[in-house]
Structure formats: structure tokens, C-alpha cells
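**Student:** Sharing a structure with you now.
The values are calculated or read from the model by the stated rules, or taken from the named source; none is laboratory data. Owing to the predicted nature of the structure, the values given are computational and were not obtained by experimental measurement. For neighbour counting, all protein chains shown are included, and Cβ atoms are generated from backbone atoms with ideal geometry for every residue, glycine included.
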Ligand SMILES: NC(=O)c1ccc[n+]([C@@H]2O[C@H](COP(=O)([O-])OP(=O)(O)OC[C@H]3O[C@@H](n4cnc5c(N)ncnc54)[C@H](OP(=O)(O)O)[C@@H]3O)[C@@H](O)[C@H]2O)c1
């Protein structure tokens, strides 16, 4: 019987790649056929970890894209390479998983969109928290009118991003990482968009952004290490560690979103949703649906409370993407949608310069 499984090439054999490999290996309709990276040892390490035999390794991405049987490419390289890697994959006719952030500028995003539209391939962007069980539960409750009409959403990415992270050396720079909101905070913007839309699957469209940047870590050669609860010498962040953003959506919902790399605490991702008939605070609910309630109802579920990639629901994301490819439908989390999340980041950058609100979509989009 012919092997009908979709073949996957994972490009960039680092921390997050291990989870992409696990997820595509576990999906019954896909198999890893090749891994490419800067170093062959990194490809081999990921393959060994996953118990994969007989797959190809490449240090040349073009050759890897030409490997027989590649249908899907997972772009897991550092963010400054995502645009070029995605465009090359689209031109080769592959469906693409794009790690966040998708690009370092609006210009790059536009070129990616053009290549993906022209090739007619499917994409999914790794705003993987959309598949977190608490996210899914909240989204279902909002769709089911548990809080009435949402009028305000607050989400925060509170995470001591520092030299413990394999990607830190490049991501900490202004040139390759750009900003805290781009490197990590984009997860919180995406969450605000997700919860601000009432539909079961769909994210709200931002139309205006105002933001402040600050904090204390920029240029500081000392960092907190929350694994050892101590301070140590480390290369500095080249951008502000704190950004606070106000967003107005086209459906009238307002959001307050922050990224905080200076927090001295373990990772946290608080969520607050205020509606005309109820409120959700993380996994606690107050709702008109429960008229007799006298205290918050707490839902036992998995919260977004770990930064470890092994805690992230990549299986849900990849299973969804395979369903989209096989069903010939677009993901709610495709590149077109992710651009709206990223535009908030770039609008915030403009707002720091002009000290004015910035209208979206950005000019030229
Ligand atoms: N969605 C999420 O929740 C989530 C979580 C974690 C990370 N991420 C994102 O995923 C991306 C990768 O992060 P990571 O934590 O996996 O970083 P990482 O551990 O540093 O891995 C990046 C890999 O890319 C490879 N690479 C670097 N330059 C390359 C080049 N020029 N050509 C080919 N390969 C190259 C490196 O390969 P070698 O080892 O061969 O040198 C490295 O193994 C980042 O954009 C990050 O923000 C997303």
C-alpha cells in the first residue's frame, strides 16, 4: 500500500523544533522526512531524541526543500530568518508552519503574504496558546454568551526572557529581535484578539494602538535567573523590557496588553475578560448563567503557566493544520490573520516615536 502520509521538513533544529517533530510524528497523517539546520549535529540530536531513523539531514535549506516527499515545512529558525525561509518554502509549493514572530518588519510581512498568496499554499502561525485548554474553554464560554458581550480584555506576557534561552543571544538584539513585544509579547496580543471576538474560531481586528515602553533592563549587564533565584552577569537586552499597549478593535472592544521581561517571578500569563453579563479571570468565572453563584467558579484545567515548550499544545496546533490541509480550508491562525497581531507590535513602535495613537492597518498593508 502506498505511503499517503504528508512528509514534513523541520528547518532550524533547536528548542521548539523538538516539539514540532514530536507533534508531526504523533499525527497519524504525517511523518518527518528531513531536518535541516546550520549544523548537522543539531539535526541528528533532534532525530535521535525523537527516535527517528532513516530521515535526511541538510545544512543547505534549498536542497532540503527539494528533498523528495516534502509537503510541509516547519520554520523553526530564529525570527530574523522567518521571512526568507517562508518565502522560499512558498515558492517551492510547500504548506508552512511559521514560528512566531513571523517577521521583523511590515515590509517582510508583505513580501511573505505575496509569496504565500501566489503559491496558494496553507499556513499556520505558532500562536500555539490558541490550543491551550484554558484558552479553548474561555473561547467556548465567550461564544456561548457566558459573559454577554465582551467590552474589555486584558492579557499580559510576564516572563523573564534572559540568557537561559538558547535563542537569547540573537533575540536580545535590536537588529534581530527588534522588541520585547515582538519576541514574546506577540502571544499576549494574539490572546487579546482571540478573546475579543465572540465567534468560536476567529480573532478580532485591531484598528488603533497606543503604547508606552519602559522598564529597567535595557543595557543592564545583570539579569535575574528565576531557575536559581539569583542575579548574574549577562549580555544586555538592547530594547525596553516593558511595553504597555492599548488596542481598539473594530467591534468596539478595548484591550490592555503588556509584555514584561523585567518581572522577578516565574512565568505567568494572566487573562481578564469583562463582559456585559459576566467576567472571566484566568480559570475563574462569574456569570449570569449561574444566578445562584456566591463565589467565583473555578474550572480545573491546564493554564498557560509554563514557558517550557514541552508544556505548549503543539499537538493541537499541528493536528489542526493537517486537518486544514486535508480538508482544503484555511486555518483561523494563518499568516493573513497573524499579520494583524504583528501589526500591533509595529504600530506600538510608531507610537513611541510620534507619541500618538496609530491607525491600523498600517499604510501599505
Ligand atoms: N510558539 C512558541 O511558543 C515558541 C516557543 C519557543 C520558541 N519559539 C520561536 O521559535 C523560534 C526558534 O526558537 P528556539 O527557542 O527553538 O531557538 P533555538 O533553540 O536557538 O533554535 C534555533 C535553531 O535555528 C538554527 N539556526 C540558526 N541560524 C540558522 C541558519 N542561518 N540556518 C539554519 N538554521 C539556523 C540553529 O541551528 P544549529 O543548532 O544548527 O546551529 C538552532 O538550532 C523563535 O522564533 C522563537 O521565538 C516559539
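**Student:** So which of 264, 257 ends up being in contact with a strand residue (DSSP E or B) (Cβ under 6 Å, 6 or more places away or on another chain) and either free of Cβ contacts under 8 Å to residues at least 12 places away in the same chain or in a strand (DSSP E or B) (or both)? Working first, answer last.
**Tutor:** Details: 264 fails: either free of Cβ contacts under 8 Å to residues at least 12 places away in the same chain or in a strand (DSSP E or B) (or both).
Being in contact with a strand residue (DSSP E or B) (Cβ under 6 Å, 6 or more places away or on another chain) and either free of Cβ contacts under 8 Å to residues at least 12 places away in the same chain or in a strand (DSSP E or B) (or both) holds for just one of 264, 257, which is 257.
**Student:** Next question. Within segment 342-354, identify whether any single residue is within 26 Å of residue 281 (Cα to Cα), part of a loop (DSSP other than H, G, I, E, B) and under 14 Å from the mean Cα position of the chain (by Cα), and answer yes or no.
**Tutor:** No, segment 342-354 contains no residue that is within 26 Å of residue 281 (Cα to Cα), part of a loop (DSSP other than H, G, I, E, B) and under 14 Å from the mean Cα position of the chain (by Cα).
**Student:** Then there is this: If you go through segment 30-81, how many residues are in contact with a strand residue (DSSP E or B) (Cβ under 6 Å, 6 or more places away or on another chain), near the ligand (Cβ under 9 Å from one of its atoms) and without any contact (Cβ under 8 Å) to a residue 24 or more places away in the chain?
**Tutor:** 1
**Student:** Here's another thing I want to ask about it. Can you tell me which of 327, 292 is away from the ligand (no atom under 16 Å from the Cβ) and closer than 22 Å to residue 26 by Cα? If you could, list the steps in order and put the result at the bottom.
**Tutor:** Details: 292 fails: closer than 22 Å to residue 26 by Cα.
Sole residue among the options that is away from the ligand (no atom under 16 Å from the Cβ) and closer than 22 Å to residue 26 by Cα: 327.
**Student:** Mind checking whether some residue in segment 192-206 is touching a strand residue (DSSP E or B) at 6+ places or on another chain (Cβ under 8 Å) and within 16 Å of the ligand (Cβ to nearest atom)?
**Tutor:** There is at least one residue in segment 192-206 that is touching a strand residue (DSSP E or B) at 6+ places or on another chain (Cβ under 8 Å) and within 16 Å of the ligand (Cβ to nearest atom).
**Student:** Please give the number of the condition residue 311 fails out of (1) within 21 Å of residue 180 (Cα to Cα); (2) within 15 Å of the chain's Cα centre (by Cα); (3) within 16 Å of the ligand (Cβ to nearest atom).
**Tutor:** For residue 311, the exception is condition (1).
**Student:** Go through (1) in a helix (DSSP H, G or I); (2) farther than 26 Å from residue 121 by Cα one by one and return the number of the condition residue 324 breaks.
**Tutor:** (2)
**Student:** Go through (1) in contact with a helix residue (DSSP H, G or I) (Cβ under 6 Å, 6 or more places away or on another chain); (2) over 23 Å from residue 100 (Cβ atoms) for residue 67 and report which single condition fails.
**Tutor:** (1)
**Student:** Next up: So, in segment 82-93, of the ones that are under 20 Å from residue 16 (Cβ atoms) and crowded, with 21+ Cβ neighbours inside 10 Å, which residue ends up nearest to the ligand (Cβ to nearest atom)?
**Tutor:** The selected residue is 82.
**Student:** With the condition kept exactly as written, say whether any residue in segment 235-246 is within 30 Å of residue 176 (Cα to Cα), over 23 Å from the mean Cα position of the chain (by Cα) and either modelled with pLDDT under 95 or part of a loop (DSSP other than H, G, I, E, B) (or both).
**Tutor:** Taking segment 235-246 first, the residues within 30 Å of residue 176 (Cα to Cα) are 235-246.
In the following step, the residues that additionally are over 23 Å from the mean Cα position of the chain (by Cα) were identified as 235-236.
Remaining after also requiring either modelled with pLDDT under 95 or part of a loop (DSSP other than H, G, I, E, B) (or both): 235-236.
Yes, segment 235-246 contains at least one residue that is within 30 Å of residue 176 (Cα to Cα), over 23 Å from the mean Cα position of the chain (by Cα) and either modelled with pLDDT under 95 or part of a loop (DSSP other than H, G, I, E, B) (or both).
**Student:** Hey, another quick one. Looking for something more than 18 Å from residue 344 (Cα to Cα), within 16 Å of the ligand (Cβ to nearest atom), more than 19 Å from the chain's Cα centre (by Cα) and at pLDDT 95 or above - is there at least one such residue anywhere in segment 133-147?
**Tutor:** The answer is no, given that none of the residues of segment 133-147 is more than 18 Å from residue 344 (Cα to Cα), within 16 Å of the ligand (Cβ to nearest atom), more than 19 Å from the chain's Cα centre (by Cα) and at pLDDT 95 or above.
**Student:** Let me ask something else. Residue under question is residue 286, and the condition is that it be surrounded by fewer than 17 Cβ atoms within 10 Å (Cβ to Cβ) and over 23 Å from the mean Cα position of the chain (by Cα); does it hold?
**Tutor:** Numbers: surrounded by fewer than 17 Cβ atoms within 10 Å (Cβ to Cβ): no; over 23 Å from the mean Cα position of the chain (by Cα): yes.
The answer is no for residue 286.
**Student:** Could you please find all residues in segment 135-166 being in a strand (DSSP E or B) and within 17 Å of residue 259 (Cα to Cα)? It would help to see each step written out before you state the result.
**Tutor:** Here is the first cut: in segment 135-166, the ones in a strand (DSSP E or B) are 150-158.
Answer for segment 135-166, where residues must be in a strand (DSSP E or B) and within 17 Å of residue 259 (Cα to Cα): 153, 154, 155, 156, 157, 158.
**Student:** Mind listing whichever residues of segment 95-124 are within 16 Å of the ligand (Cβ to nearest atom), in a loop (DSSP other than H, G, I, E, B) and closer than 25 Å to residue 21 by Cβ?
**Tutor:** 99, 100, 101, 102, 103
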